[in-house]
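Chemist: I have a structure here, written as structure tokens, and I will follow up with some questions on it.
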Amino acid sequence: MLIEMNFQSDEALYMQLRNQIILRIAMSELQEGDTLPSVRQLAEDIGINMHTVNKAYALLRREGYLQLDRRRGAVVALSADKVRAIEELRAEFRVLLAGACCQEISREEIHALVDELLDELQPQM
């Protein structure tokens, strides 16, 4: 699994890791049942602290992307709770769209951007 950390970014490393794993799931590079590297192994591979990887894995578990199994480690296991996922997405979108409105980004530009990103993530849609 190729993970690239941007050590110059203001974004926390655990959030960068979380976001990259979610993107890989969305693009089908990671599938339901796939096992992620151990905390120790991934930390060594990408040059970050084990606690940072552990924090990202714990967040992904809480969000319904992973199960943490003592024998298998971190396993991609998507939550079936679509209603909760939609509500969380709504809350995140609200803030992002408020920022877009403050920057006077038009409805058409937002729609075009969403369509572009969905095409990247799910070209078969």
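The values are calculated or read from the model by the stated rules, or taken from the named source; none is laboratory data. This structure is a prediction, so every number in the text was calculated from the model and none was measured. We place every Cβ from the backbone using ideal geometry, glycine too, and count neighbours over all the protein chains shown. Heavy atoms of the whole protein, side chains included, go into the accessibility calculation; ligands, DNA and RNA do not. Shrake-Rupley method; radii C 1.70, N 1.55, O 1.52, S 1.80 Å.
Chemist: May I ask you to say which residue of VAL76, VAL39, VAL53 is in contact (Cβ under 8 Å) with a residue 40 or more places away in the chain, of a type outside the set (Ser, Thr, Tyr) and out of contact with any His (no Cβ under 6 Å at 6 or more places or on another chain)?
Modeler: Values: VAL39 fails: in contact (Cβ under 8 Å) with a residue 40 or more places away in the chain; VAL53 fails: in contact (Cβ under 8 Å) with a residue 40 or more places away in the chain.
Going through VAL76, VAL39, VAL53 in turn, the sole match is VAL76.
Chemist: Within segment 27-49, is there a residue that is open to solvent by less than 80 Å² (accessible area, probe 1.4 Å), closer than 14 Å to MET15 by Cα and under 16 Å from the mean Cα position of the chain (by Cα)?
Modeler: Scanning segment 27-49 turns up no residue that is open to solvent by less than 80 Å² (accessible area, probe 1.4 Å), closer than 14 Å to MET15 by Cα and under 16 Å from the mean Cα position of the chain (by Cα).
Chemist: Now for a separate question. Just to be sure, is ASN19 within 22 Å of GLN122 (Cβ to Cβ) and part of a helix (DSSP H, G or I)?
Modeler: Yes, satisfied.
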